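Taken together, the values in this text are just the output of simple stated rules run on the coordinates, not laboratory data. Keep in mind that this is a model prediction, so the values were computed, not measured. Cβ atoms come from the backbone with ideal geometry, glycine included; neighbour counts cover every protein chain shown.
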Amino acid sequence: MIGGPGAARMEALLATREIVVFCGSGGVGKTSTAAAAALAAATSFEGRVLVVTIDPARRLANALGLESFGNVERRIPDDLLRAAGIRARGELYAAMLDTKRSWDDLVLRHAPNEETAYRILDNRMYHNVTSRFVQSHDYIAMERLYDIHATGSYDLIVIDTPPTRNAIDFLDAPKRMADFFGGRLLRWLTMPYRIGGRRGARLVNMAGRPFYQLADRILGGQFLQDIAEFFLNFETMYSGFIERAQAVERLLHDRRTSFAVVTTLEGAPLREAEFFCEELTARGYHLGALVLNKTLPAMLLGEAGARAASVLETDADSVAAELKGAAPELLPDPVRTARVLRTIAASFRNFSVIARREAELRAELARQPEVVVTIPELEGDITDLEGLAAIGRYLLA
Amino acid sequence: MRTSAAPDLLGRRLLFFTGKGGVGKSTVTAATALLAAQRGQRVLLVEVDAKGNLTRLFERPPVGFDPVEVFPGVFAMQMNTEASLREYLRLNLRVPVLGRLGPLAGALDFVATAAPGVKEILTVGKVCWEARESIEGRADWDLIVVDAAATGHVVAQLDAPRAIRELVQAGPIRGQTEWMVDLLSDPAVTALNVVTSPEEMPVNETIELVERVRQELTVPLGAVVVNRVLPELFTRDDQAVFDALRGPEATAVLERILGLGAVALLDAARLAVSLRRTRAAHLAELRAAVDLPLLYLPYLFVRDHGLRVTRMVADRLGEELGL
């Protein structure tokens, strides 16, 4: 089950693409899979590999040397890798996305002058747009990816995507940001303020319109004015911003970029993964691989195990007696031994139910990319480089 | 640290459930609604995320903004901020909305994007409104159960009335936020519950969320529901027997009697033991860090997730609540 004919191509994906984006719904192990893929690439090939993570578990972040946030790329020292039994041919770097700082950088870059930049950064609306706008994390992740790629410092960038309500939200993010700041609606909304000057009074003919009357009644005039002021400032960054958003989108569509969808074999995440695979293809992105994570081992499906379990279910006592005969010092108490044997059989049956469900879901997968990789449920948490290396072996097996 | 008394969750009027993606938040929410309905309550079940999956748990098609009975006594609705705004305008401002909501809804999207809590207030406001109407006898929900935003967004969601009050200096909305804050802060009415599973990230997020809620919100916390708890296979003494069985001598005997399947059985049991052990460590961490009632729901070894599973979870939840 593990590896299979597709596995060689996962290696090819990591060897030939410049960007691999890992996505999937929450809780499926996206972050560790992305980190493992980067480690595997740095192990197998020469060159510089960077993994950008969004919100790693604390222990995994520590293992990657990412104690603090900040858009700093850190190299994982070779001696750390060697201590974990990894002989890397390339260099592995890791970075954690700092949403706030990335936004600030963006404003500082695109604002026409420093004064405007700080007027934007100090506006309380700014904080809300950047920290609460559902798409803003998604957008900034892609923007940061573009930024790093443009430096040309890395042969391969592996990026983890932020947890979103919907796994494909981030794909629309650059376009939505462009639409958002370039939209007619925004112009319309800020028009009374635009005509009256930045802080000026409203023109009567605009304020007389039903929409503004209604908005005033619900929200109060000051509120709309606050918003308008923010957008008028933000608008000065418009052209730079739009260009940038379009460039980000081009990069994601570029043939150097590929996507890997991670999922577990559970109903809801799998449905989302399937939907995502279809959407990626429909929108002209390159769907590189589907990673089935945390799957139960195939031996749970085997006839041999089921037969052995049914023997224990009916005849644990005589098996226990025989064990006592063969190893009296190890297993002296046949009653206890029989109980343990029955528990083993029952547990096998339990996990077989789940494994069968997984196998059925897998068989039903409507659309599969060429590369499908299976990673088994590993026994402990993935908290260190050894753990990542273990996943990496399954990715490339 | 642990409060042992079972919390009187079903005695409140308004229950929110949050949790990290993938822990079974919706299943637990649906099961709570089902449990309450089985005990004779009339329940409004609100899905906030626009995923439309909640009614699957009752094996019913998706629902809209108007509540539909998906199980005897459980009425499900899907939150929709535009519908909520329309209702608000009709009921509170007597504004004729027909023909005008088009551009207003679009503008609202913009405003909601920039301003904290506008979108959220339409969600929380609707839910609070149903709760208040019920308390004052104008609506007949005994219980309102909300499948709320995930841990990352729930604080912003529940903080919406306060955020709006800070932002909007005048107008009817400001006045509306006062009673909402009161209702959301009342421990006799409201409880925010966190669903988690005994794994690293869900446990970390739960601990962080509980701290944040206490610092930033006045919403009372109810219980932490720990979902998918794996069974303990062996006592300490039985574990010693299991270890002996895995030794070469005993394994050889087992293989002779049981055939090749013996190894599969032993390996499967070892996987079960170590999965349980890893999770137990996370559970211990959770128990040490969170002084809220903990409710445990077992990992279910079942084929599929439908009404049957929702019932099973409801049964176990009832036991944990001492019902």
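Judged by the mean number of other Cβ atoms found within 10 Å, the most tightly packed of the peptides A:46-53, A:230-237, A:357-364 leads the ranking A:46-53, A:230-237, A:357-364. For the residues of A:307-320, the average number of beta carbons from a partner chain within 10 Å of their own beta carbon is 3.
Whole-Hz Karplus values for region A:341-350 come out as 4, 5, 4, 4, 5, 5, 5, 4, 4, 4 Hz, taken residue by residue from phi with 6.51 cos²θ - 1.76 cosθ + 1.60 and θ = phi - 60°; glycine and proline positions read x.
Taking every pair of alpha-carbon atoms in region B:147-245, what share in percent sits in each 5 Å bin, from 0 to the bin with the longest distance? Pair shares across the bins are 2, 11, 17, 17, 13, 10, 8, 6, 5, 4, 3, 2, 2, 1, 0.
Residue-wise HN-Hα couplings along region B:248-253, as the Karplus relation 6.51 cos²θ - 1.76 cosθ + 1.60 with θ = phi - 60° gives them from phi, are x, 4, 5, 4, 4, 5 Hz; Gly and Pro carry x. In region A:300-360, a dipole from Cβ-located charges (positive for Lys and Arg, negative for Asp and Glu) runs towards its positive end, and of A:Phe351, A:Ala326, A:Val340 it is A:Phe351 whose Cα lies farthest in that direction.
Karplus-derived 3J(HN,Hα) values for region A:95-109, using 6.51 cos²θ - 1.76 cosθ + 1.60 with θ = phi - 60°, are 8, 10, 6, 10, 4, 4, 5, 4, 5, 4, 4, 4, 5, 4, 6 Hz; glycine and proline are entered as x.
Summed over qualifying helices (DSSP H, 4 residues or more, each -39500 (n - 2.57)) and divided by its residue number, chain B shows a 222 nm mean residue ellipticity of -16500 deg cm²/dmol. Ordered from longest to shortest, the equivalent ellipsoid semi-axes for region A:275-382 are 43, 14, 9 Å, each the square root of 5 times a Cα gyration tensor eigenvalue.
Remark on A:Val371: its backbone amide H falls under 5 Å from those of A:Leu290, a criterion applied only to residues 5 or more positions apart or on other chains, H modelled at 1.01 Å from N. Put in line by how crowded their Cβ is, counting other Cβ atoms within 10 Å and starting with the fewest, B:Val181, B:Val219, B:Val226 read B:Val181, B:Val219, B:Val226.
Inter-chain neighbour count for A:52-58: the average number of beta-carbon atoms from partner chains within 10 Å of each residue's beta-carbon is 2. With 31 Å as the limit on Cα-Cα distance, the pairs of A:Lys294/A:Lys324; A:Lys30/B:Lys126; A:Lys100/A:Lys294; B:Lys20/B:Lys119; A:Lys100/B:Lys25; A:Lys175/A:Lys294 that go past it are A:Lys294/A:Lys324; A:Lys30/B:Lys126; A:Lys100/A:Lys294; A:Lys175/A:Lys294. Residues whose amide H falls under 5 Å from that of B:Val195, counting only those 5 or more places apart or on a different chain, are B:Thr18, B:Gly19, B:Val225, with hydrogens built in the peptide plane.
Amide H contacts of B:Leu45: B:Phe75, B:Ala76, B:Met77, B:Val145, each under 5 Å away and 5 or more positions distant or on a separate chain (H built 1.01 Å from N in the peptide plane; Pro and chain starts excluded). Geometric descriptor of region A:300-360, per residue, is 71 Å³ (volume of the convex hull of the Cα atoms).
Averaged over the residues of peptide B:240-246, the number of Cβ atoms from other protein chains lying within 10 Å of each residue's Cβ is 6.
Basic side chains Lys and Arg get +1 at the Cβ, acidic Asp and Glu get -1 at the Cβ, and with that the dipole of chain B about its Cα centre reaches some 440 debye.
In plain terms, the residue of A:Arg256, B:Arg316 with the fewest other Cβ atoms within 10 Å comes first and the most crowded comes last, giving A:Arg256, B:Arg316.
The gain in end-to-end length when the A:Tyr238 to A:Glu279 segment is fully stretched comes to 11.9 nm, 0.36 nm per residue minus the alpha carbon separation. Shown is the FRET efficiency for B:Asp291 and A:Ala397, computed with R0 = 51 Å from the Cβ-Cβ distance and rounded to the nearest 0.05: 0.65. Ordered by the number of other Cβ atoms lying within 10 Å of each residue's own Cβ, fewest first, A:Tyr394, A:Tyr118, A:Tyr126, A:Tyr139 fall into the sequence A:Tyr118, A:Tyr126, A:Tyr394, A:Tyr139. Across all directions, the average projected area of the convex hull around the alpha carbons of chain B is 19.7 nm².
Can you tell me the FRET efficiency between A:Thr314 and B:Asp304 if r is taken as the Cβ-Cβ distance and R0 is 25 Å, rounded to the nearest 0.05? The pair A:Thr314/B:Asp304 has a calculated efficiency of 0.35.
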